Amino acid sequence: MKKIINFTSLFVFMVLLVGCIGEEKGHLSRIVVQKIDKEGNYEDVVMITDRESIELLRQDFEQIKWDDKVVKMARKPDVEVTLFYTFDENKPERLYEYEIWFNESAGTATIISNNENESYGELDKDNAQALKSNYLNKQ
């Protein structure tokens, strides 16, 4: 009897764990990009919905090395990006907002997110260049 209870408890725990992991893996449905010029003026909003571009940008974001630092930047970001995720068709989309600064001298990128699991991130030179070309080519 004790083994059955232990097995049942373990099974329930595994189902809950898999369910939670699955929920965090939402479907990225669209991306909104807004470039900001050197004077801090916002340019036109571009919505990206084609699967190929979304997949490229999703791959770029997977390369970000996140830290839980809280930082203040001296200037406005170069780009503001909003990712729209669908986790459940019966619930509204979740929006995750990112501010991106491109460091021209080092070739890297700094990212600040409003997602509670991500705060401050950085991309190395190669991945920052890919991110920049993917976002700014859509403008």
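Within region 40-95, being within 14 Å of the chain's Cα centre (by Cα), under 13 Å from Ile112 (Cβ atoms) and part of a loop (DSSP other than H, G, I, E, B) holds for one residue alone: Ile64. Residues that are modelled with pLDDT under 90 and within 21 Å of Asp67 (Cβ to Cβ) within region 92-104 are absent altogether. Consider only pairs whose beta carbons are under 8 Å apart and that are at least six residues apart or on different chains; among these, list those whose first residue lies in region 64-76 and is in contact (Cβ under 8 Å) with a residue 40 or more places away in the chain and whose second residue is hydrophobic (A, V, I, L, M, F, W, C). Matching pairs, first to second residue: Ile64/Ile111; Ile64/Leu123; Lys65/Leu123; Val71/Ile112; Lys76/Ile36.
Give me the residue from region 81-99 that is over 27 Å from Ile36 (Cβ atoms) and of a type in the set (Asp, Glu) and, out of that set, least open to solvent (accessible area, probe 1.4 Å). This residue is Asp88.
The values are calculated or read from the model by the stated rules, or taken from the named source; none is laboratory data. Note that the structure is predicted; figures quoted are calculated from it, not measured. Here the Cβ is made from the backbone with ideal geometry for all residues, glycine too, and neighbour counts use every protein chain on show. Heads up: the accessible areas ignore ligands, DNA and RNA and are worked out on the full protein's heavy atoms, side chains in. Shrake-Rupley method; radii C 1.70, N 1.55, O 1.52, S 1.80 Å.
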